[in-house]
Amino acid sequence: MNKAEKYQLLLPQIEALVAGETDIIAKMANVAAALHETFGFWWTGFYRVVNDELVLGPFQGPIACTRIRYGRGVCGTSWQQEETIVVPNVHEFPGHIACSSASNSEIVVPLIRDDSVIAVLDIDSTEFGAFDEMDKAYLEQIVRLL
Ligand code: SME
C-alpha cells in the first residue's frame, strides 16, 4: 500500500474513532496510536497549549520533552505561525529541539479552534524527508476531526 492509500484507509477509521467522543485527550490518544501504527513513525503525539506554553499530551514512541515555549523548536514555531511546518532535515532547522537523536525529519500541524491554536500534532521520522505536501494535507484533515 502506498502512502495515499494508507491515509485513505485511515481517514474513515479515525472518523469512527472520534465520533461521539467529546474528550479531546481521549481522541488525541487514539489518533496518535492509529497514525503511529499505520506508518511506523518514530514519534507521534500531541502537545497542548496550556497557559503560555506547550505541554506534552498523548503520544506514542520514546519519552519526550514535556514543555516547549512559544516560538521555540518546530512545535513552538508552528504554534506561533499558526501553520503546518514540514522539516525535511531537523538538523538544519534553527532552534530545533532534539528530544531524540534518532529523529531526522519532522512535521508539526497546529490544531486551531476559534482562531487560536489549542494544540499541535508532532510527528518525527528517522528517515530524512519523510513528510511532504501529501502528509500536510491529510494530517490537516485529520486534526480537523478532533
Ligand atoms: N522536535 C520538536 C520537539 C518535540 S519532539 O520532537 C517529540 C521541536 O523542535 O519542537
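The values are calculated or read from the model by the stated rules, or taken from the named source; none is laboratory data. The model shown is predicted, which means the values in this text are computed figures rather than measured ones. Neighbour counts are summed over all protein chains in view; Cβ atoms, including those assigned to glycine, are modelled from backbone coordinates with ideal geometry. Areas reflect the complete protein model, heavy atoms only, side chains present, ligands, DNA and RNA absent. Shrake-Rupley method; radii C 1.70, N 1.55, O 1.52, S 1.80 Å.
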Run down VAL31, VAL18 and say which single residue is at pLDDT below 95 and away from the ligand (no atom under 12 Å from the Cβ). VAL18
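Looking at ALA130, ALA137, can you tell me which residue is open to solvent by less than 70 Å² (accessible area, probe 1.4 Å), aliphatic (A, V, I, L, M) and either at positive phi or more than 13 Å from the chain's Cα centre (by Cα) (or both)?
On the way: ALA137 fails: either at positive phi or more than 13 Å from the chain's Cα centre (by Cα) (or both).
Going through ALA130, ALA137 in turn, just one is open to solvent by less than 70 Å² (accessible area, probe 1.4 Å), aliphatic (A, V, I, L, M) and either at positive phi or more than 13 Å from the chain's Cα centre (by Cα) (or both): ALA130.
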Within the range 111-122, which residues are in a strand (DSSP E or B) and away from the ligand (no atom under 12 Å from the Cβ)? LEU111, ILE112, ARG113, SER116, VAL117, ILE118, ALA119
For PHE41, all conditions in the list (1) free of Cβ contacts under 8 Å to residues at least 60 places away in the same chain; (2) surrounded by 18 or more Cβ atoms within 10 Å (Cβ to Cβ); (3) part of a loop (DSSP other than H, G, I, E, B) hold save one; what is the number of the exception? (1)
Selection count, the range 45-83, where residues are charged (D, E, K, R), on the phi < 0 side of the Ramachandran plot and in contact (Cβ under 8 Å) with a residue 24 or more places away in the chain: 3
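Looking at ILE85, ILE68 in this structure, which one is under 12 Å from the mean Cα position of the chain (by Cα) and open to solvent by less than 30 Å² (accessible area, probe 1.4 Å)?
Working: ILE68 fails: under 12 Å from the mean Cα position of the chain (by Cα).
Exactly one of ILE85, ILE68 is under 12 Å from the mean Cα position of the chain (by Cα) and open to solvent by less than 30 Å² (accessible area, probe 1.4 Å), namely ILE85.
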Mind checking which residues of the range 105-135 are out of contact with any strand residue (DSSP E or B) (no Cβ under 6 Å at 6 or more places or on another chain) and within 24 Å of GLU53 (Cα to Cα)? ILE112, ARG113, ASP114, ASP115, SER116
Where a residue in the range 1-17 is free of Cβ contacts under 8 Å to residues at least 24 places away in the same chain and part of a helix (DSSP H, G or I) and its partner, wherever it lies, is of a type outside the set (A, V, I, L, M, F, W, C) and surrounded by 12 or more Cβ atoms within 10 Å (Cβ to Cβ), with Cβ under 6 Å and at least six apart: LEU17/ASN30
Test each condition in (1) touching a Gly at 6+ places or on another chain (Cβ under 6 Å); (2) surrounded by 21 or more Cβ atoms within 10 Å (Cβ to Cβ) for LEU54 and report the one that comes out false. (1)
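For the range 126-146, give me each residue that is in a helix (DSSP H, G or I) and touching a Ser or Thr at 6+ places or on another chain (Cβ under 7 Å).
Of everything in the range 126-146, those that are in a helix (DSSP H, G or I) and touching a Ser or Thr at 6+ places or on another chain (Cβ under 7 Å) turn out to be LYS136, GLU140.
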